[in-house]
Structure formats: C-alpha cells, structure tokens
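Asker: Dumping the structure here so I can ask a few things about it.
The values are calculated or read from the model by the stated rules, or taken from the named source; none is laboratory data. Given the structure is predicted, the values throughout are model-derived calculations rather than measurements. Here the Cβ is made from the backbone with ideal geometry for all residues, glycine too, and neighbour counts use every protein chain on show.
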Amino acid sequence: MFFKKKNKDVRCYVLYFSEFDRSKTGQLYQFILDYFDSSLGNVFKYLGFYSENYNLIYGTFESVQEKIKRHNWNEIVNLTFEDGDARKEKQGLSIQFEICKPNQITIVLTKSYENFKLVDFVNALYVHFKVIYGFAYLTENVKWATAYADGAFEHVKDKELADTSVNALKAWQTKSELIQKGYIRGVFDINLLSKAHLSFLIDGRPLEWHIENEDWGRVFSINPDIYIWQLSDEEIKLSRNSLDKSEILLRF
C-alpha cells in the first residue's frame with residue numbers, strides 16, 4: 001500500500017504527535033517492539049538511543065535492550081530501531097523517534113517491507129499516542145537506512161521536497177506547534193491531515209474544498225480524527241502552484 005512509484009525504492013514516513021509525555025517513552029518503546037513483532041516478525045537486530053545530554057548508546061539489540069531498561073525513560077530523547085547494521089548496509093528497516101520537539105517519528109522502509117500498512121500502524125499507534133500530522137515520500141536508496149531517519153532530508157535529490165537543510169529543520173522545529181492550527185510542512189504524495197488542516201482557509205475556502213473541486217488528489221478518513229490526502233505527481237504540481245502563494249505552508 002502506498003509504495004509503487006518510478007524506480008525509487010525507499011519510502012520515508014514522517015509522523016508528528018501532539019504534546020508527548022516523556023514518562024510514556026517506555027510505553028512507546030514497547031509499542032514499537034510489539035507492533036512490528038506481530039506484523040513483520042522479530043526483525044530488530046540493532047538498537048540505539050540518545051540520552052538528554054546526547055550520549056549515544058548503539059549496538060546489537062540484546063546488548064542495548066538491557067541498558068535501555070535500566071535507563072531513566074524521562075531522559076531519553078531519541079530511540080532508533082534497525083533490522084541490520086545501518087553503518088554497513090544500504091537497505092532495511094529503520095525507525096527513529098525524536099521525543100523532544102517536534103515529537104517526530106520517522107520510519108524508513110525498503111522494498112523488503114512492502115507489506116507495511118501505514119493506516120494500520122497509525123490507527124494502532126493512535127490508541128496510545130495521538131498522531132496529528134504526517135507525510136511520506138519516495139527517494140532513491142543511496143544511503144544506509146538511518147541516514148533517512150535523521151530528519152534533515154539532506155539525502156533527498158528531489159529539490160521540490162521541503163526542508164533540504166539542517167537550518168530549515170531547526171526553523172521547522174521552532175514552529176512545529178503550528179501543526180495543530182492547520183499549517184503543513186509541504187505537499188507530498190501521501191499526507192496525514194487533521195480536521196484543522198482540512199478546514200484551513202485558502203482564498204476563502206477550506207483546503208478540503210480545493211482538494212475535492214480542483215483535482216488536488218483525493219482525501220479519505222482513516223479514523224474520526226485523521227485523514228489521508230493522496231496525490232499523483234501531476235496533482236502535487238497543481239496543488240503546489242496554488243499553495244505556494246497561500247499561508248498554509250510554514251515559511252522559514
């Protein structure tokens with residue numbers, strides 16, 4: 001689902017929470033282990049985490065799992081799960097949680113995991129952690145999996161994608177709370193939107209009206225609060241031409 005397109009073979013999903021309670025980090029950790037174990041099998045071979053002072057602990061899953069359970073969950077700002085040694089391999093599954101602002105999850109998948117279901121994952125996650133916005137894009141498999149999960153998007157060759165620099169990422173982080181008011185980071189082939197996004201006014205009409213009446217793809221609900229807005233390449237170009245002149249896109 002949401003995977004076939006050109007010759008690009010790495011799918012990046014970026015999801016954002018509303019305010020995240022740091023005391024629930026352990027619950028988030030256990031959720032990701034349980035979810036992927038049941039949906040894809042026991043795939044994680046490597047594990048890493050950053051503490052609040054950004055000391056990295058990374059290694060085989062078994063060795064790091066014991067260390068992370070002894071750690072204070074409230075001090076952890078990043079969790080990384082991998083199905084292979086990302087420093088040596090250019091393929092695989094990488095999941096990274098940025099637990100400080102803007103409460104970001106990045107999931108990177110290669111063709112090996114085409115059976116990953118975004119809707120199922122978001123709805124399962126939503127029971128415990130409220131997803132308020134997200135997007136996904138395809139890019140070439142040119143670096144190891146973790147390189148895609150760092151959030152800086154420096155690997156992206158498609159310059160139309162938003163935020164291709166570290167400075168832009170930092171600027172985004174300072175404005176990330178505006179997501180809840182309906183602002184978006186850009187237009188991608190897959191966008192997860194809330195009601196606030198769909199009701200955001202553009203030229204006096206809500207975004208949802210433009211999607212339905214101006215051939216900007218299609219939008220459908222996946223639960224009472226979250227919608228998927230899906231577009232083709234041509235629909236992306238068409239919508240960007242209009243939205244670039246509007247206020248819905250955050251400016252840096």
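Asker: Residues that are modelled with pLDDT under 80 and either part of a loop (DSSP other than H, G, I, E, B) or of a type in the set (G, A, S) (or both): does segment 40-49 have at least one? Even if it seems obvious, please write down each step before you answer.
Answerer: Restricting attention to segment 40-49, the residues satisfying the condition of being modelled with pLDDT under 80 are 40-42.
This time we only want the ones that are either part of a loop (DSSP other than H, G, I, E, B) or of a type in the set (G, A, S) (or both), so: 41-42.
Yes: one or more hits.
Asker: Check A136, A145 and return the single one that is over 18 Å from P224 (Cα atoms) and modelled with pLDDT of 85 or more. Break it down stepwise before answering.
Answerer: On the way: A145 fails: modelled with pLDDT of 85 or more.
Going through A136, A145 in turn, the sole match is A136.
Asker: How many residues are in contact with a strand residue (DSSP E or B) (Cβ under 9 Å, 6 or more places away or on another chain) and more than 27 Å from S112 (Cα to Cα) if we restrict to segment 54-69? Working first, answer last.
Answerer: Taking segment 54-69 first, the residues in contact with a strand residue (DSSP E or B) (Cβ under 9 Å, 6 or more places away or on another chain) are 54, 56-65, 67-68.
Applying the additional criterion that residues be more than 27 Å from S112 (Cα to Cα) yields 54, 56, 67-68.
So the count comes out to 4.
Asker: Considering only residues that are within 22 Å of the chain's Cα centre (by Cα), assigned to a strand (DSSP E or B) and either modelled with pLDDT of 85 or more or not β-branched (V, I, T) (or both), which ones fall in segment 56-87?
Answerer: L56, Y58, I76, N78, L79, T80, F81, E82
Asker: Among the listed residues G134, G92, which satisfies the condition of being small (G, A, S), assigned by TED's automatic domain parsing to the domain that holds Y46 and outside any strand (DSSP E or B)? Even if it seems obvious, please write down each step before you answer.
Answerer: Working: G134 fails: outside any strand (DSSP E or B).
Sole residue among the options that is small (G, A, S), assigned by TED's automatic domain parsing to the domain that holds Y46 and outside any strand (DSSP E or B): G92.
Asker: Can you work out which of the residues in segment 197-252 that are among the small types (G, A, S) and surrounded by fewer than 16 Cβ atoms within 10 Å (Cβ to Cβ) is nearest to A136 (Cα to Cα)?
Answerer: Taking segment 197-252 and keeping what is among the small types (G, A, S), we get 199, 204, 217, 221, 232, 239, 242, 246.
In the following step, the residues that additionally are surrounded by fewer than 16 Cβ atoms within 10 Å (Cβ to Cβ) were identified as 199, 204, 221, 232, 242, 246.
Numbers: S199: 21, G204: 28, S221: 17, S232: 13, S242: 20, S246: 22 Å.
In this case the residue turns out to be S232.
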